[in-house]
Amino acid sequence: MSEQQTSPDWQEDVLGQAAEWKSDGVDVALATVVTTWGSSPRPVGSQIAVHGDGKFVGSVSGGCIEGAVVMEALKAIKDGQPRLLDFGVTNEEAWEVGLACGGKVQVYVEKLQ
């Protein structure tokens, strides 16, 4: 894949694409929605696979927090440390990234080994 994927079909084959990138020798991170509360654009289990150069497939939010998640995934690729990201109405960053819908989303991010 040579360009960033932002397909409206957010249920694309995220794990298959991550496996393909890994088999090509590319560093990859996987971000997964692990908790939601209230209004949440994507259900628990929704995922994004992030390529080492920043392109990605999948969706964890319908767009409102995806940029922040991709940035954290790139950091996880660099340092190898997993992260649990919290976005919600009481989180100032949630407003900055557009999650002012009254919900909470937790996203677990890890570098694939």
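Within segment 48-57, can you find the residues that are within 14 Å of Asp24 (Cβ to Cβ) and surrounded by fewer than 20 Cβ atoms within 10 Å (Cβ to Cβ)?
Gly52, Asp53, Lys55
If Glu96 meets every condition in (1) assigned to a loop (DSSP other than H, G, I, E, B); (2) at pLDDT below 85; (3) charged (D, E, K, R) apart from one, which number is that one?
Every condition holds for Glu96 apart from (1).
Which pairs have Cβ atoms under 8 Å, sit 6 or more apart or on different chains, and link a residue in segment 62-77 that is closer than 18 Å to Arg42 by Cα and in contact (Cβ under 8 Å) with a residue 12 or more places away in the chain to one that is in a loop (DSSP other than H, G, I, E, B) and among the basic types (Lys, Arg)?
Listed by first residue and then by second, the contacts come to Gly62/Arg42.
From the list Val60, Val33, Val105, which one is part of a loop (DSSP other than H, G, I, E, B), surrounded by 21 or more Cβ atoms within 10 Å (Cβ to Cβ) and modelled with pLDDT of 85 or more?
Val60
Pick from segment 36-47 the residues that are crowded, with 19+ Cβ neighbours inside 10 Å and under 17 Å from Leu15 (Cβ atoms): which of them is nearest to the chain's Cα centre (by Cα)?
Of everything passing the filter in segment 36-47, Gln47 is nearest to the chain's Cα centre (by Cα).
The values are calculated or read from the model by the stated rules, or taken from the named source; none is laboratory data. What you see is a predicted model; the values in this text were computed from it and never measured. Neighbour counts run over all protein chains shown; Cβ positions are idealised from the backbone, glycine included.
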